[in-house]
1. Output the qualifying pairs, or none if there are none: Cβ atoms under 6 angstrom, residues six or more apart or on different chains, first residue in the range 158-172 and more than 10 Å from Val128 (Cα to Cα), second residue among the polar types (S, T, N, Q).
2. Given (1) of a type outside the set (Lys, Arg); (2) surrounded by fewer than 16 Cβ atoms within 10 Å (Cβ to Cβ); (3) under 12 Å from the mean Cα position of the chain (by Cα); (4) at positive phi, where does Gly120 come up short, assuming only one miss?
3. Of all residues in the range 48-96, which are in contact with a Cys (Cβ under 7 Å, 6 or more places away or on another chain) and under 22 Å from Leu132 (Cβ atoms)?
4. For residues that are surrounded by fewer than 16 Cβ atoms within 10 Å (Cβ to Cβ) and in contact (Cβ under 8 Å) with a residue 60 or more places away in the chain, tally how many sit in the range 133-148.
5. Take the residues in the range 135-153 that are small (Gly, Ala, Ser) and part of a loop (DSSP other than H, G, I, E, B); name whichever of them is nearest to Gly120 (Cα to Cα).
6. If I ask for residues that are more than 11 Å from the chain's Cα centre (by Cα), under 17 Å from Arg47 (Cβ atoms) and among the acidic types (Asp, Glu), which ones from the range 4-32 would you list?
Amino acid sequence: MRKILVVVDMQEDFTEGSLGSKEAMKIIPNVVEKIKSYNLEDVFATRDTHEHNYLSTLEGKHLPVSHCIYQTDGWQLVPEVKMLLKGAEIVDKPTFGSVTLAEMLKMISEVEPIEVELCGLCTDICVVSNALLLKAFMPGVEISVDASCCAGTTPQKHQAALETMQSCQINII
């Protein structure tokens, strides 16, 4: 069984940037150790990616904080993670969940049996969106989320997202 890790949006703007939090900063060492426990060819990562017109988009009108603008410092993966992901598959996504990532992993699952584990930011937005999208694309694949390697926009929303994912048969570890 091939075990795949998905590292969601471990970017500067979500750690110490415009949407950063102390909870997000705290998980960086856990995420680093998690990445080190996988073979690099089994690690996929996502980057939240927006254009300079972000504030005029539908998402920007609901979350009017400019963040993860393509090629800016805030868009970059945090250095500790970026260093470990050299050569890994990185998917830039314009919204919360990545259909591209789901399609890539579904193709792998059609060739060999896989399990998928997710970690990253933010539990209640992009982690839950990707976990549920992966579950929809691959209902027969075990999907898990390591709660110690995730942080939400608030501790309460982190917990609520974990409960939602667990209700949808995603394993919370």
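The values are calculated or read from the model by the stated rules, or taken from the named source; none is laboratory data. Just so it is clear, the structure is predicted and the values come from calculations on it, not from any experiment. Neighbour counts run over all protein chains shown; Cβ positions are idealised from the backbone, glycine included.
1. From residues that are more than 10 Å from Val128 (Cα to Cα), the pairs are Asn171/Ser144; Ile172/Gln166.
2. (2)
3. Passing the criteria: Asp48, Thr49, His50, Phe96.
4. Of the residues in that region, 1 qualify.
5. Among them, the one singled out is Gly152.
6. If the condition is that a residue be more than 11 Å from the chain's Cα centre (by Cα), under 17 Å from Arg47 (Cβ atoms) and among the acidic types (Asp, Glu), then Glu12, Asp13, Glu16 are the ones that fit.
Here's the yes/no breakdown for (1) touching a His at 6+ places or on another chain (Cβ under 6 Å); (2) buried (at least 19 other Cβ atoms within 10 Å of the Cβ); (3) part of a loop (DSSP other than H, G, I, E, B); (4) modelled with pLDDT under 95:
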{"residue": "Gly17", "(1), (2), (3), (4)": "no, yes, yes, no"}
{"residue": "Met25", "(1), (2), (3), (4)": "no, no, no, no"}
{"residue": "Val32", "(1), (2), (3), (4)": "no, no, no, no"}
{"residue": "Tyr38", "(1), (2), (3), (4)": "no, no, yes, no"}
{"residue": "Thr46", "(1), (2), (3), (4)": "no, yes, no, no"}
{"residue": "His52", "(1), (2), (3), (4)": "no, no, yes, no"}
{"residue": "Pro64", "(1), (2), (3), (4)": "no, no, yes, no"}
{"residue": "His67", "(1), (2), (3), (4)": "no, yes, yes, no"}
{"residue": "Gln71", "(1), (2), (3), (4)": "no, no, yes, no"}
